[in-house]
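Here the structure comes first, spelled out in structure tokens, and everything after it is commentary.
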Amino acid sequence: GLVAITPAAGNVGILGAFVIGIAAGIVCLWGVNGLKRLLKVDDSLDVFGVHALGGILGALLTGVFNAPQLGGPSYPVDWFTGKLVAAADYSI
């Protein structure tokens, strides 16, 4: 879970962090046990199954749970105009 939540730290709410952690646990468990056997590789430290798959999942889910409707920052700054963007105008 920590590998996946690192890209999202400070950008998601509590519920989003919980969902990312649970999803990362399941995906990384599959990467360590299932994918390694499926590809027949010798990854003795399970680096790919944990860090690669968990990091990819965390990076993708950061974009999802960064939305204000899902617990992300309420009013992100629009850097081009300097105005605050309302949560209703924010779109994934």
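Figures for the structure shown
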read-out: Residue list for the range 11-22, filter: assigned to a helix (DSSP H, G or I) and open to solvent by less than 50 Å² (accessible area, probe 1.4 Å); value: G16, A17, I20, G21
read-out: Some residue of the range 56-63 being at pLDDT below 90 and outside any helix (DSSP H, G or I); value: no
read-out: When residues of the range 41-55 are limited to those that are on the phi < 0 side of the Ramachandran plot and touching a Gly at 6+ places or on another chain (Cβ under 9 Å), the one modelled with the lowest pLDDT; value: D43
read-out: The range 28-54, subset farther than 21 Å from V64 by Cβ and small (G, A, S), residue surrounded by the most Cβ atoms within 10 Å (Cβ to Cβ); value: G49
read-out: G25, sole failed condition from (1) part of a helix (DSSP H, G or I); (2) surrounded by 17 or more Cβ atoms within 10 Å (Cβ to Cβ); value: (2)
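The values are calculated or read from the model by the stated rules, or taken from the named source; none is laboratory data. Not measured: the values here are computed from a predicted model. Neighbour counts run over all protein chains shown; Cβ positions are idealised from the backbone, glycine included. The accessibility values were calculated without ligands, DNA or RNA, using every heavy atom of the protein model including side chains. Shrake-Rupley method; radii C 1.70, N 1.55, O 1.52, S 1.80 Å.
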